[in-house]
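The values are calculated or read from the model by the stated rules, or taken from the named source; none is laboratory data. Keep in mind it's a predicted model, so treat the numbers as computed, not measured. A quick note on method: Cβ atoms are made from the backbone with ideal geometry, for glycine too, and the neighbour counts reach across all protein chains shown. Note: areas computed on protein heavy atoms with side chains; ligands, DNA, RNA excluded. Shrake-Rupley method; radii C 1.70, N 1.55, O 1.52, S 1.80 Å.
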Amino acid sequence: MKVLYPEHIPAFFTALASRFELRLPVMLSDGTRTIGSLEDGPIALMGGAVPGKPTAAFFPQQGPVFTAVEGAVLPSSDQANRLFVAGFTGRDIDCLRFIDRFFADGWRDDIYFRQRAGAVIAGVSGYCGPGGALLPLIGGGCDLEFVCDGKCWLVLTYSQAGEGIAAELPDTDAEEVLHQIRIESLTAANEGDELIQRASQLLRANRVPDSFWSEIGDRCISCTGCNLACPTCTCFGVQDWRYANNIERSRMWDSCQLDGFMREASGHNPLGSEALRTRRRIHHKLAADPERWGEISCFLCGRCDVVCPTGIGILAVAMEMVDRFEQETIR
Amino acid sequence: MKRTLTVCPYCGTGCSFYLVSDGGRLVGVEPSTTHPVSRGGLCVKGWNAFAFVHHSDRLTTPLIRRNGTLTPASWDEAIGLVVDRLRSIQQRHGYDSVMFSSSAKATNEENYLLMKLARAVFATNNIDHCARLCHSSTVFGLAETFGSGAMTNSISCFDQTDLILVIGSNTTEQHPLIGTRILNAAQRGAKLIVADNRRIRLARHADLHLRHKNGSDVALINGMMHVIITEGLMDRLFIEQRTENYAALAANVADWTPERAAALTGLEADEIVAAARMFAAAGRAMIVYSMGITQHSHGVDNVRCCAALSLLTGNLGRPGTGVNPLRGQNNVQGGCDMGALPDVYSGYQKVADPLQRQKFARAWGVSTLPERAGLPLTHAMDAAASGLLRGMFIMGENPLLSDPDQAHARHALENLELLVVQDIFLSETAAMADVVLPAACYAEKEGTFTNTERRIQRVRKALDPPGEALADWEIICALAERAGYGGMRYSGPSQVMDEIASLTPIYGGIAYDRLDRHGLQWPCPGKSHSGTPILHMESFTRGLGRFSPASYRPPAEAVDDEYPFVLTTGRTYFHWHTGTMTRRTHLLDREERTAFVEIHPDDAGRLDVRDRDELLVASRRGEIRVAARLTAMVVPGVVFIPFHFAEGAANALTNNVLDPESAIPEFKVCAVRIRRVV
Ligand code: SF4
Ligand code: SF4
């Protein structure tokens, strides 16, 4: 097994930067963490999931689709170097797997895959959550995984690319610690997962009344933050800008909390209230996606609950739902 | 990829985020998670604040009108022309024949420099900015009662309060991240009183929703104070130790029985009594207000009443209390602080005071400074219309859409001999100009904004401006240089701030290296002072808090048979003011694409109007066509139109009648008639 000592972290990643377009957790000047480049600030692997979605590396908030010049259409350019993106938690890896699936399905999103294809994905786990809390072991779905054992980072590899990257690192014998982390990961409380399952069941059994959604919707200011922070939210809008000699088409993250998202050409909106839109947002993840894709598409990364300024992220809403409507039936 | 920490360019809440850029293009924003105001969140405008920056309509070169058409010109020619023609007007008609309009969108440094340019270089106090249209009544009313015209408390106080009275502020739409604090406070059990006849989002969470008549705030608050005094619910100790003129207030409200107030406000007497008791019973109560209080022909009186209610109940100088006017623009607090006002230098130091004039004249290296107060913006438009004012220099404002009575504003601007507009897009006003100067936007320059809680924060440059556009401060310095003034050579905005600090006691401790993380709240008098989250703790800025009694005056224009509806104007959540930026932001523009009027379904029924029908709305000043929006948000008899849309400009209808003391126009009440366009 390979190991990365804290004092070697900067040199290790700096060396990688010559081969890859590097994106990894860094600390910005005001203490905000993000998945950025080495120039953005010191590397900050510790601290758990970063607030922004790591999948932004493949699909930024706004990015080019094509440029039209004198009758020719030029597609957006490829990344010059392969991407190396570190900082995915186990839950983020689930999200990535989910969106990879539907971006590839049917109509293949070539803009996404131009960045995504060939990218090296590195997960983080172990005692590197907030305040040293455990992030469960990932165990695959990425190229390599940095497991914090409290002092240094054990490096597990799952692909040739991962092995290549870890090859130069020193070996260590840490089976025992790893075993311990594995056990703790398995027994780590999965309250959130259970809760989201129960909320999903309530929705699918149609046991949540509209009055509940009015109440929740009344607290939504349509900031769109929940959608923009969610790694499995991938809806986008498209715009054209006309310059003197060319037209640029770009696309940007959209949000189903916006009225314009579903408005019909006539001006009518079948989802014309925050209540209906909030219902739709949660329904989609917990009821519609399980039908279509066989799994709930909220993997509890926690980002919408952090970003929502009024406390109605998906976990908070699921909790309220379960609290109120499971009880009702029991009574 | 590059990340640049900066401040939101939209509202005065002052949220902070990183601009994310890639190869010189902005690709998104990321909220700051450590910021004390935004705490990792943003509203929809903040999330989209990057999206207009590269729009193809950006101005990239100076424009000069030749044979009626704006045509590209060099900076050298444009700057020369502006200075020569301003000078020539002044030679013929006197120093005060030109006006400078500064901007609450621009930085502190730029506001300071424009007022310095007006006063030191062009020898006039004719400088003002759009605060005239939003909170001039606050600055006047709170200066008189407390000694300082700013929000008394901090945004964090919403987490500590027991009661919030929101009067004339649609907070979740206009200061969204403050609105969410109020929602959260209500959620944790704080009492919420909403006084506003529109059924705004906060009203759905309120313990009491008072839908009083437009323009009846003085009656409402006088009635509440009457109840508090007759029931002995006031804070006697506070009144005795910290205030003056109580007897006059008590005498003034003695005959404001709830019944009398009810008759004028259209409320039930019981509602007024309930509001008074609830407010007085709270250990810590905050008043939050905005344009619904200020934009009236009696705006200062409204402010006086808010101040008195807080004084009466001892709700000042402590966490979770205060009189909290929410300042609208990202830097309208700073624009005022910097003295972009006709009667004061930076830090509210009066031009009428010879010692102040001397101090600034010495610092600026000029022999004298003009002593007579200049024209408020609203009076300047009148003066332009009547031919007394000949030249106007407008930085980053769009009065053709934002001023009352558009026909009047258009006439005033057309009547000018010289109109210069400095902006980032060719706004409706810029399209009328003789010279247009292309400016950098917030993402393309350094500087500071001061938010509504007096927090001075750094704005940072993420990328270069398009084409030949320059930062406002660079343009102002170039104008000064061309005018032969050598006192405006700076290495950058940081050095301008050092000069501001040296001349402005409330900003005395401000320097860029001290603002790095989350800024500082003024007053910050010294380099080791850590700022002031709450004003008037030990004593008021003016010593004792002063009760200023106010008597009720109705709005200037009443409804009648010919014009039977009350029109009130404002903004929507998705657009900012005249829409120059938000209407060029795809997601925001998609939300609200065109002008509309909110009308109650009962009224619509009577007029045979259905949702989205085209309506003709007319006042004594003009008429516009807008789409009907049927909603119980408004009460019957009242309609609401946002002023963002040039094609259905609400201000074609509004009444250019001014508050006598603050010169703020009565945007919130006028009379209109409505019919369906067939
Ligand atoms: S983050 Fe919260 S307030 Fe914002 S759109 Fe989502 S649910 Fe609404
Ligand atoms: S609340 Fe105001 S400052 Fe904050 S993101 Fe929205 S517009 Fe910007």
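Helical content of chain B, expressed as a calculated mean residue ellipticity at 222 nm, amounts to -8500 deg cm²/dmol (DSSP H runs of 4 or more residues, -39,500 (n - 2.57) each, divided by residue number, nearest 500). Here the protein assembly as shown is treated with +1 on each Lys and Arg Cβ and -1 on each Asp and Glu Cβ, and its dipole about the Cα centre works out to around 860 debye. Spread over its residues, the convex hull of the C-alpha atoms of chain A is 170 Å³ per residue. Label sites at B:Glu268 and A:Gln201, each approximated as a point 7 angstrom past Cα along Cα to Cβ, lie 4.6 nm apart. DSSP assigns beta bridges within chain B; of those with both partners inside it, close to 50 percent run antiparallel.
As a length-normalised measure over Cα pairs under 8 Å and 6 or more apart, the relative contact order of segment B:136-326 settles at 33 percent.
What do you get for Rg/Rh of segment B:2-47 when both radii come from the Cα atoms and Rh is the Kirkwood radius? Intermediate results must be reported in sequence, preceding the final value.
Values: Rg = 10.2 Å, Rh = 10.6 Å.
Checking Rg against Rh, the ratio lands at 0.96.
Taking only the C-alpha atoms of segment B:441-510, the Rg (one decimal) and the largest Cα-Cα distance, Dmax (whole number), read 13.5, 39 Å.
A straight chain from B:Gln241 to B:Ser386 at 0.36 nm per residue would run longer than the Cα-Cα distance by 47.2 nm. Extension gain for the segment A:Ala188 to A:Gln327, taken as residue separation times 0.36 nm less the Cα-Cα distance, is 47.4 nm to one decimal. Our helix-only sum for chain A, with -39,500 (n - 2.57) per DSSP H run of n ≥ 4 divided by its residues, gives a mean residue ellipticity at 222 nm of -10000 deg cm²/dmol. Once segment B:136-326 is represented by equal point scatterers at the alpha-carbon sites, with solvent omitted, what log10 I(q)/I(0) does the Debye formula produce at q = 0.12, 0.14, 0.17 Å⁻¹? So the normalised log intensities work out to -0.49, -0.69, -1.08. Between 0 and 90 degrees, the angle of helix B:75-93 with respect to the longest Cα principal axis of chain B falls at about 70 degrees. Any idea what % of Cα-Cα pairs in segment B:573-677 are farther than 20 Å? Percentage above 20 Å: 42.
Report the percentage of all Cα-Cα pairs in segment A:6-117 whose separation exceeds 17 Å, rounded to a whole percent. Don't skip to the end; give the middle numbers.
On the way: 3834 of 6216 pairs.
So the pairs more than 17 Å apart make up 62 percent of the total in segment A:6-117.
What residue among A:Ile99, A:Pro130, A:Ser185 has its Cα farthest toward the positive end of the dipole of chain A, where the charges are +1 on Lys, Arg and -1 on Asp, Glu, each on the Cβ? After comparing all options, I get A:Ile99.
In segment A:193-330, the convex hull through the Cα atoms has an average projected area of 10.1 nm², a quarter of its surface area. Projecting the Cα atoms of B:Ile293, B:Gly266, B:Leu220 onto the charge dipole of segment B:136-326 (Cβ charges, centred on the Cα centre) puts B:Ile293 farthest toward the positive pole.
Spin-label model, B:Arg362/A:Ala133: points 7 Å from Cα along the beta carbon direction are separated by 6.0 nm.
Taken about its Cα centre, segment B:136-326 carries a charge dipole of about 540 debye when Lys and Arg each add +1 at the Cβ and Asp and Glu each add -1 at the Cβ. Projecting the Cα positions of B:Val366, B:Val44, A:Ala275 onto the charge dipole of the protein assembly as shown (unit charges on Cβ atoms of Lys, Arg, Asp and Glu, taken about the Cα centre) puts B:Val366 furthest along the positive direction. Taking DSSP loops as anything outside H, G, I, E and B, show the longest stretch in chain A free of chymotrypsin sites (Phe, Trp or Tyr not before Pro) there with at most 14 other beta carbons within 10 Å. Between exposed loop sites, the widest span is A:108-242.
With θ taken as phi - 60° and the Karplus curve 6.51 cos²θ - 1.76 cosθ + 1.60 applied, the whole-hertz 3J(HN,Hα) list for segment B:393-404 is 10, 10, 9, x, 9, 9, x, 4, 9, 9, 8, x Hz, x standing for glycine and proline.
Taking each residue as 0.36 nm, the span from B:Ala254 to B:Gln187 lengthens on full extension beyond its C-alpha to C-alpha distance by 20.5 nm.
Taking amide H atoms as placed 1.01 Å from N in the peptide plane, the amide H of B:Leu426 lies under 5 Å from those of B:Leu59, each 5 or more residues away in sequence or on another chain.
The alpha carbons of the protein assembly as shown give a radius of gyration and a Dmax of 29.4, 91 Å, in that order.
Bridges between two residues of the protein assembly as shown, per DSSP, are antiparallel at a rate of about 55%. Rg/Rh, computed from the Cα trace of segment B:306-430 with Rh as the Kirkwood radius, has the value 1.06. Cα convex hull, segment B:1-106: 159 Å³ per residue, rounded to a whole number. Note on B:Lys213: accessible area approximately 110 square angstrom, rounded to 10, probe 1.4 Å, nucleic acids and ligands left out.
Once you charge only the Cβ atoms, +1 for Lys and Arg and -1 for Asp and Glu, what is the size of the charge dipole of chain B about its Cα centre, to the nearest 20 debye? Each step should come with its number before you reach the end.
On the way: 69 positive and 72 negative charges, 227 e Å.
I would put it at about 1100 debye.
In the context of the full set of protein chains, residues of segment B:2-47 present 21 Å² of accessible surface per residue (probe radius 1.4 Å, heavy atoms only).
For segment A:99-113, the Karplus equation 6.51 cos²θ - 1.76 cosθ + 1.60, evaluated at θ = phi - 60°, returns couplings of 6, 4, 4, 7, 5, 8, 6, x, 5, 7, 7, 5, 5, 4, 6 Hz by residue, with Gly and Pro reported as x.
Using a cut-off of 12 Å between beta-carbons, work out the net charge of the residues near B:Ala628 (Lys and Arg +1, Asp and Glu -1, B:Ala628 not included).
Details: positive: B:Arg610, B:Arg612, B:Arg625, B:Arg629, B:Arg675, B:Arg676; negative: B:Glu598, B:Asp603, B:Asp608, B:Asp611, B:Asp613, B:Glu614.
In short, 0.
With a Förster radius of 56 Å applied to the beta-carbon distance between A:Arg82 and B:Arg610, the computed FRET efficiency rounds to 0.45. Size descriptors for segment B:339-389, from the alpha-carbon set: Rg then Dmax equal 12.8, 36 Å.
Can you tell me, using C-alpha contacts under 8 Å and at least 6 residues apart, the relative contact order of chain B as a whole percent?
20 percent.
Distances between placed amide hydrogens fall under 5 Å for A:Gly36 paired with A:Leu24, A:Val26, all partners being 5 or more residues away or on another chain. Under conditions of 10 °C and 1.306 mPa s, chain B yields 63 µm² s⁻¹ as its translational diffusion coefficient, taking Rh as the Kirkwood radius over Cα pairs in the Stokes-Einstein equation. Divided by 2.2 N^0.38 Å, where N counts the residues, the Cα radius of gyration of segment B:40-196 comes to 1.47.
Quote the relative contact order of segment B:565-676 in percent (integer), defining contacts as alpha-carbon pairs under 8 Å separated by 6+ residues.
Values: 245 pairs, mean separation 41.7, N = 112.
Answer for segment B:565-676 is 37 percent.
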